[in-house]
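Undergrad: Handing you a structure now.
The values are calculated or read from the model by the stated rules, or taken from the named source; none is laboratory data. Given the structure is predicted, the values throughout are model-derived calculations rather than measurements. All Cβ positions, even for glycine, are placed from backbone atoms using ideal geometry, and neighbour counts span all protein chains on display.
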Amino acid sequence: MQLRSLEGCRLKIGKYPPFTYNAYGGGGKATLLTNQTNNLIHISFSSKTFSIPPLTSKTTKFLSFPLPPGFKIKMFMDKLEGTIDKNSGEVLLKFESKFLFSIGAMLNFPELIVQSLLKTGQVKGNLHIGEGMVLQSNGKTKLVGVSIIPKTGNKILDTFLGLPNEAFAELKCEIK
C-alpha cells in the first residue's frame, strides 16, 4: 500500500492566512502491520523512505503569491502510522514531524515540532476547523489535522508565529 501526496494542500498557523501547497510527488510505501481485525488495516510508513516536498517558491503560495526566493520549509517526518477502515473509508494517522525554516543558506531557525492526528473526519480546534474526505474508490482522500506548535526558544520565530499556537493542515493524497 502506498500514499502519494497531491497538489491542493493547505497549511495554516494561528490567525495567518493559509499557505497553499503543491505536495505532488511526496509519499511512500506503507508497511501493513499484523493484527488486521474488523476490516481495519493497520499501516506504518518509514521515516527513512517517506518523502515530503519542501515548501518553496515553486511549491507554495501565500496570499496568492509564491514564497519569496530563498524561503524554504523542509519537513522531516518522524512518525506516520494508523488505520484505514475498509468498510467506511475512514483514515486515521498519527503524524509527527519537524519543520525546518530557512532563508537562504545562512539563516536557519530552530525546528517546529508538529504532532497531529490526520483524519478523514472533522477536526476542530480553538482557531481552525476542517473536514476531511473518506477514502474514495479511486484511492483519493483528504486528511485534516489540528495541532499545537510549541515554542522553539527562538524569540524572533516564537513572537512572529505567536508560539505556542494552533496550526491546521489539509493533505490531499491518494492511498492505493
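Undergrad: Check off (1) outside any strand (DSSP E or B); (2) at pLDDT below 95 for Ile41 and give me the number that stays unchecked.
TA: Result: Ile41 fails condition (1) only.
Undergrad: If you don't mind, there's one more thing I want to ask. Select the strands (runs of 3 or more DSSP E) contained entirely in segment 65-157, then report the ones holding at least 3 residues which are surrounded by 14 or more Cβ atoms within 10 Å (Cβ to Cβ) and without any contact (Cβ under 8 Å) to a residue 60 or more places away in the chain.
TA: In segment 65-157, the matching strands (runs of 3 or more DSSP E) lie at 71-85, 91-103, 112-119, 140-149.
Undergrad: For segment 2-13, give me the residue count where each residue is in a loop (DSSP other than H, G, I, E, B) and buried (at least 16 other Cβ atoms within 10 Å of the Cβ).
TA: Going through segment 2-13 one residue at a time, the tally reaches 1.
Undergrad: If only one of Tyr24, Tyr16 is surrounded by 15 or more Cβ atoms within 10 Å (Cβ to Cβ), in contact with an Asp or Glu (Cβ under 6 Å, 6 or more places away or on another chain), of a type outside the set (Val, Ile, Thr) and assigned to a loop (DSSP other than H, G, I, E, B), which one is it?
TA: Tyr24
Undergrad: Another question, if that's okay. So which residues in segment 44-53 are assigned to a loop (DSSP other than H, G, I, E, B) and surrounded by fewer than 17 Cβ atoms within 10 Å (Cβ to Cβ)? Don't jump to the end; show me each part of the working.
TA: From segment 44-53, those assigned to a loop (DSSP other than H, G, I, E, B) are 46-50, 52-53; that's our starting set.
Passing the criteria: Ser46, Ser47, Lys48, Thr49.
Undergrad: One residue is enough: does segment 68-80 have a residue meeting the conditions under 20 Å from Met133 (Cα atoms) and either touching an Asp or Glu at 6+ places or on another chain (Cβ under 9 Å) or not acidic (Asp, Glu) (or both)?
TA: Yes, segment 68-80 has at least one match.
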